[in-house]
1. Go through (1) modelled with pLDDT of 95 or more; (2) part of a loop (DSSP other than H, G, I, E, B) one by one and return the number of the condition residue 4 breaks.
2. Quick check on the stretch 56-75. Is at least one of its residues exposed (fewer than 12 other Cβ atoms within 10 Å of the Cβ), in contact (Cβ under 8 Å) with a residue 40 or more places away in the chain and under 13 Å from the mean Cα position of the chain (by Cα)?
3. If a residue must be part of a loop (DSSP other than H, G, I, E, B) and either among the polar types (S, T, N, Q) or open to solvent by less than 50 Å² (accessible area, probe 1.4 Å) (or both), how many such residues does the stretch 24-53 contain?
4. Restricting to the stretch 20-59, give me the number of residues that are more than 21 Å from residue 5 (Cβ to Cβ) and basic (Lys, Arg).
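The values are calculated or read from the model by the stated rules, or taken from the named source; none is laboratory data. On a predicted model such as this, the values are computed, not experimentally measured, just so you know. With ideal geometry, Cβ positions are generated from the backbone for all residues, glycine too; neighbour counts draw on all protein chains shown. Quick note on the areas: whole protein, heavy atoms, side chains included, nothing else; ligands and nucleic acids left out. Shrake-Rupley method; radii C 1.70, N 1.55, O 1.52, S 1.80 Å.
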Amino acid sequence: MSETEFKSGTRPTTVIGYLNRNNQKNLGTRGAAGNDHMQVAYKMACQQDGCEAVYGANGSDIFQRKCPRCQGGKPGISF
């Protein structure tokens with residue numbers, strides 16, 4: 001895998017295309033370390049009308065993540 005390719009994780013919430021309950025879409029991981037114990041960072045995209053924010057999140061946070069721009073979520077991490 002090249003460093004620009006994103007891939008799915010092994011859990012349902014870490015699969016590319018997963019849309020969480022806050023309308024945040026998982027775009028995959030390149031394997032970069034997250035900022036929580038034993039986590040990797042995932043690229044996320046807000047699907048709220050007009051937002052279009054893209055940010056990073058730990059794999060363990062994907063299911064509940066809120067957009068940092070339009071939903072008051074935590075700042076994104078490097079992905």
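1. In the conditions (1) modelled with pLDDT of 95 or more; (2) part of a loop (DSSP other than H, G, I, E, B), residue 4 misses (1) alone.
2. The answer is no, given that none of the residues of the stretch 56-75 is exposed (fewer than 12 other Cβ atoms within 10 Å of the Cβ), in contact (Cβ under 8 Å) with a residue 40 or more places away in the chain and under 13 Å from the mean Cα position of the chain (by Cα).
3. Selection size over the stretch 24-53: 9.
4. Qualifying residue count, the stretch 20-59: 1.
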